[in-house]
Amino acid sequence: MNKRIEALQGLGCDMEDAMTRFLDDEDFYLECFDSVIHDTKFEELKQYIEAEDVSKAFECAHTLKGLIANIGLSSLSSKMIEIVERLRGGSMEGLSGMCEELFTEREKYLAI
């Protein structure tokens, strides 16, 4: 098994389910992982939250939630669900801190 895949498992990622979706193609999975974890939507989300633009922040968060879930990044996925649900309700309350937590968690993945 690829060392990066092992590292992702170490972070609690659901690699068994993800590999099923990716037909056990580790190289393709890692290409997708790199694309998702470096996606510009993360920065856009932060900007929209800072600008208190609920609609655009929701759009970014919802997109990221789907991408993250599809590649099995469990800890990021749970944080994105919280952010999406807060935005779905139209509230910006606490989102700055939630966004910080998301970015802190994302750093672990960027290091892989």
When every residue in the stretch 1-15 that is charged (D, E, K, R) and more than 18 Å from the chain's Cα centre (by Cα) is compared, the one surrounded by the most Cβ atoms within 10 Å (Cβ to Cβ) is Glu6
For the stretch 37-50, state whether one or more residues are assigned to a loop (DSSP other than H, G, I, E, B), at pLDDT 95 or above, of a type outside the set (Val, Ile, Thr) and surrounded by fewer than 16 Cβ atoms within 10 Å (Cβ to Cβ). yes
Return the residue satisfying two criteria in turn: it lies in the stretch 97-112 and is touching a residue at least 12 places away in the same chain (Cβ under 8 Å) and aliphatic (A, V, I, L, M), and of such residues it is farthest from Lys65 (Cα to Cα). Ile112
Test Leu45 against the stated conditions and say whether it is under 23 Å from Ser96 (Cβ atoms) and either touching a residue at least 60 places away in the same chain (Cβ under 8 Å) or under 17 Å from the mean Cα position of the chain (by Cα) (or both). yes
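The values are calculated or read from the model by the stated rules, or taken from the named source; none is laboratory data. This structure is a prediction, so every number in the text was calculated from the model and none was measured. Counting neighbours? That spans all protein chains shown, and the Cβs are built from the backbone with ideal geometry, glycine included.
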